[in-house]
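Data first, discussion second: the structure below is written as structure tokens.
The values are calculated or read from the model by the stated rules, or taken from the named source; none is laboratory data. Owing to the predicted nature of the structure, the values given are computational and were not obtained by experimental measurement. All Cβ positions, even for glycine, are placed from backbone atoms using ideal geometry, and neighbour counts span all protein chains on display. Calculation scope for accessible area: heavy atoms of the full protein, side chains included, ligands and nucleic acids excluded. Shrake-Rupley method; radii C 1.70, N 1.55, O 1.52, S 1.80 Å.
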Amino acid sequence: MQPPLENESIALVFTLSGLNETMGNRFVFFSLTALYYLLIVLCNVTIIYTVISQKRLHEPMYVFICNLCINGLFGTAGFYPKFMYDLLSQYHVISYAGCLIQIFVIYSSVLCDFSTLTVMAYDRYVAICKPLEYHSIMTNQRVLECILFCWLSPFFCMCVGVVLTSRLKLCGSIIEKLYCENWSVVKLSCVSTIVNNVIGYVIIIIYFGHAVLIFCSYIHLIGKCRKSKEGKHKFIQTCVPHLLALLNVTVALLFDVLYTRYGSKNLPQDLRNFMALEFLLIPPILNPLIYGLNLTRLRKQVMGVFFKTKVEISD
């Protein structure tokens with residue numbers, strides 16, 4: 001354990017050591033990262049613009065997809081700009097306040113993914129199981145309440161986590177990752193972290209509980225959809241992409257949680273970096289592609305945005 005640092009909560013600067021072994025190829029990594037981040041932004045902005053600009057997409061399902069893409073931009077903005085700066089910098093440091101902000105942005109975004117996928121599951125349940133009541137249940141007010149739930153509950157959880165972390169007295173300043181992560185900062189504490197551990201596991205259980213709830217509801221939907229050909233088509237068209245997105249973000253976050261707490265330092269640095277970045281690499285690009293390519297109406301509208309004179313838009 002490193003010796004205590006003075007004025008921990010005021011002047012502490014963290015060193016991000018995850019890039020130390022890969023700086024020989026930093027310009028290659030910078031170019032690839034810049035292109036990939038540009039692709040993420042392009043795909044998500046395209047879906048957002050299409051949903052907002054096309055009135056026939058102003059339905060709950062497409063509004064939630066739009067929210068998922070906005071959240072993707074929010075989360076990646078907390079990582080990629082700083083990461084690209086570090087690739088070109090000799091020193092990989094981040095201020096105490098900057099570290100806490102990065103923790104809040106990245107992980108509230110991940111939790112918002114779960115919340116959004118949860119309300120999307122509710123929307124699909126109503127659409128398939130109660131089609132005649134759908135519009136009376138999924139009103140504009142209900143959609144607004146769902147959107148607020150998607151953002152406010154993760155913000156509250158991460159505010160609690162960040163505040164608890166900020167009260168810790170730290171005895172170190174080296175974070176062995178490419179970005180700030182709550183557990184990595186907590187491990188630097190000189191004092192008891194029992195409260196942080198308990199709250200952290202409570203949040204993890206709550207949001208993995210979201211995933212279990214969604215999977216269970218979809219098992220019910222599968223049984224419901226088997227009774228009709230139209231139901232099968234609706235399930236495959238709208239629910240399968242949702243399940244893929246849910247499986248993607250669940251595995252990615254589980255990967256990060258297990259690696260952060262129980263990962264071995266004997267693994268190669270490049271492999272550890274990929275394991276830590278999986279949920280920042282895959283979901284932000286996969287979500288817009290899954291929905292943009294699979295949902296027929298959304299795909300046609302996207303094509304209409306780019307090729308207005310070549311593609312005829314129809315329901």
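Numbers below:
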quantity: Residues within the range 77-118 that are of a type outside the set (A, V, I, L, M, F, W, C) and in contact with a Cys (Cβ under 6 Å, 6 or more places away or on another chain), tallied; calculated: 3
quantity: Scan of the range 173-192 for residues that are of a type in the set (Lys, Arg) and closer than 15 Å to Val13 by Cα, ordered by number; calculated: Lys177
quantity: Members of the range 167-194 found to be in a helix (DSSP H, G or I) and either in contact with a helix residue (DSSP H, G or I) (Cβ under 6 Å, 6 or more places away or on another chain) or at positive phi (or both), listed by number; calculated: Asn182, Trp183, Val185, Val186
quantity: Test: residue in the range 6-13 that is at pLDDT 75 or above, open to solvent by 50 Å² or more (accessible area, probe 1.4 Å) and small (Gly, Ala, Ser); calculated: no
quantity: Residue that is farther than 23 Å from Asn71 by Cβ, open to solvent by 50 Å² or more (accessible area, probe 1.4 Å) and of a type in the set (S, T, N, Q), where the choices are Ser173, Ser192, Ser166; calculated: Ser192
quantity: Every residue from the range 201-228 that is at pLDDT 85 or above and open to solvent by less than 20 Å² (accessible area, probe 1.4 Å); calculated: Tyr207
quantity: Per-region count, the range 72-116, residues open to solvent by 40 Å² or more (accessible area, probe 1.4 Å) and either basic (Lys, Arg) or over 30 Å from Leu213 (Cβ atoms) (or both); calculated: 10
quantity: Set Leu253, Leu280, Leu244, Leu271: member being modelled with pLDDT of 75 or more and either part of a loop (DSSP other than H, G, I, E, B) or open to solvent by 40 Å² or more (accessible area, probe 1.4 Å) (or both); calculated: Leu244
